[in-house]
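Since the structure comes first, as structure tokens, the remarks are kept for the end.
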Amino acid sequence: MIDQILSKKRNLYLLVAFVILIESLSTALLKVASQYPTLSPGFCLFYALSVAIFGLDAVCWQLMLERMPLGTAYMRKGGTYVLFFFWAVVLFHETITLQNVIGMAIIVIGMVVSMSDDR
């Protein structure tokens, strides 16, 4: 059944987007966990959520790799860095610098250029 669903290119790219989203979310949860004292209930909760989401990410990543070349898949993972930046600004109120914007632009341009080969 999963093979049938992921055989459509659109669904495969939705899986890629989901993998990028949950990987970035898991990393953001690790930062939230770090704001609590080690082994406190808050730390344990957010750390456990992060590990569970990383587990889901690993399963989805394997499903994706069965249907997509490794180089293509890794070029898409650049989107996680863009989302890390988003979480940093939205959740942790970090400041946006010109260097951040330039770095994100380079990543996005690289992803767009790499995707042009898929058509």
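The values are calculated or read from the model by the stated rules, or taken from the named source; none is laboratory data. Keep in mind the model is a prediction, meaning the values are calculated, not measured. Virtual Cβ from ideal backbone geometry, glycine too; neighbours counted across all protein chains shown.
Structure above, values below:
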| item | result |
| --- | --- |
| First in segment 90-106 and loosely packed, with under 11 Cβ neighbours inside 10 Å, second anywhere and of a type in the set (Lys, Arg) and assigned to a loop (DSSP other than H, G, I, E, B), Cβ under 7 Å, 6 or more apart | none |
| Scope segment 107-119; condition at pLDDT 75 or above, loosely packed, with under 13 Cβ neighbours inside 10 Å and of a type outside the set (A, V, I, L, M, F, W, C); matching residues | Gly110 |
| Selection status of Tyr13, hydroxyl-bearing (Ser, Thr, Tyr), exposed (fewer than 15 other Cβ atoms within 10 Å of the Cβ) and assigned to a helix (DSSP H, G or I) | no |
| Test: residue in segment 67-81 that is free of Cβ contacts under 8 Å to residues at least 40 places away in the same chain, touching a helix residue (DSSP H, G or I) at 6+ places or on another chain (Cβ under 9 Å), more than 16 Å from Leu14 (Cβ to Cβ) and surrounded by fewer than 14 Cβ atoms within 10 Å (Cβ to Cβ) | yes |
| Subset tally (residues that are under 22 Å from Leu12 (Cα atoms) and either buried (at least 16 other Cβ atoms within 10 Å of the Cβ) or in contact (Cβ under 8 Å) with a residue 12 or more places away in the chain (or both)) for segment 29-65 | 8 |
